[in-house]
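Peer 1: Have a look at the structure that comes next, please.
FYI, it's all coordinate maths here, none of it is from the lab. Just so we're clear, the structure is a prediction, and the values are computed from it rather than from any experiment. All Cβ positions, glycine included, derive from the backbone under ideal geometry; neighbour counts span all protein chains shown.
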């Protein structure tokens, strides 16, 4: 499932820590927007991990779930459309 993680973090240090964490979870598509292909279980864990890294009284993070059948209909300008990670890596 494609999930958009969108955030507005007031503190620069927290914002940097969250962005570094999210870079390991998905692809950055804008300054504070990440595309993550995750299962529902993984999404719940991601939500918990993000929640521990922010200050809810000052910060805002939103998770938008995009159904699989909607991903091919995503329109983009100036960037590649959402692509799930490869199922296997050959090393």
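Peer 1: Report the gain in length on full extension from residue 31 to residue 10: 0.36 nm times residue separation, minus Cα-Cα distance, nm rounded to one decimal.
Peer 2: So the chain would gain 6.2 nm between residue 31 and residue 10.
Peer 1: Using a Gaussian network model of the chain whose springs link C-alpha atoms within less than 10 Å, name the residue from 16, 40, 75 with the highest mean-square fluctuation.
Peer 2: 75
Peer 1: Going by C-beta contacts inside 10 Å, put 20, 47 in order with the fewest on the left.
Peer 2: Listing 20, 47 from fewest to most nearby Cβ atoms yields 20, 47.
Peer 1: Determine, for 74, 29, 88, the number of other Cβ atoms within 10 Å of each Cβ, and report the residues in order from fewest to most.
Peer 2: Neighbour counts put them in this order, fewest first: 88, 74, 29.
Peer 1: Quickly estimate the mean residue ellipticity at 222 nm for the chain, helices only: each DSSP H run with n ≥ 4 gives -39500 (n - 2.57), and the total goes over all residues, rounded to 500.
Peer 2: The per-residue figure over the chain is -9000 deg cm²/dmol.
Peer 1: Moving on. Using the Kirkwood radius built from alpha carbon pairs, what does the Stokes-Einstein equation give as D for the chain at 25 °C and 0.890 mPa s, in µm² per second?
Peer 2: Taking Rh from Cα pairs, D becomes 175 µm²/s.
Peer 1: Which angle from 0 to 90°, rounded to the nearest 10, does the C-alpha axis of helix 40-53 make with the longest principal axis of the chain?
Peer 2: For helix 40-53, the angle is close to 30 degrees.
Peer 1: Rank the residues 64, 89 as a footprinting-exposure proxy: fewest other Cβ atoms within 10 Å of their Cβ go first.
Peer 2: 89, 64
Peer 1: Okay, moving on. Using a Gaussian network model on the chain with a 10 Å cutoff between Cα atoms, which of 19, 32, 79 fluctuates the most?
Peer 2: With Cα springs under 10 Å in the chain, the top fluctuation among 19, 32, 79 is at 79.
Peer 1: Viscosity 0.692 mPa s, temperature 37 °C: give me the Stokes-Einstein translational D for segment 39-91 in µm²/s, with Rh taken as the Kirkwood radius over C-alpha pairs.
Peer 2: The estimated diffusion coefficient comes to 231 µm²/s.
Peer 1: For the Cα atoms of the chain, what angle does the longest principal axis make with the long axis of helix 12-23, in degrees from 0 to 90, nearest 10?
Peer 2: It works out to around 20 degrees.
Peer 1: Work out, step by step, the length gained on full extension between residue 1 and residue 55: first 0.36 nm times the residue separation, then minus their alpha carbon distance; give nm to one decimal.
Peer 2: Taking 0.36 nm per residue and subtracting the Cα distance, the gain is 16.8 nm.
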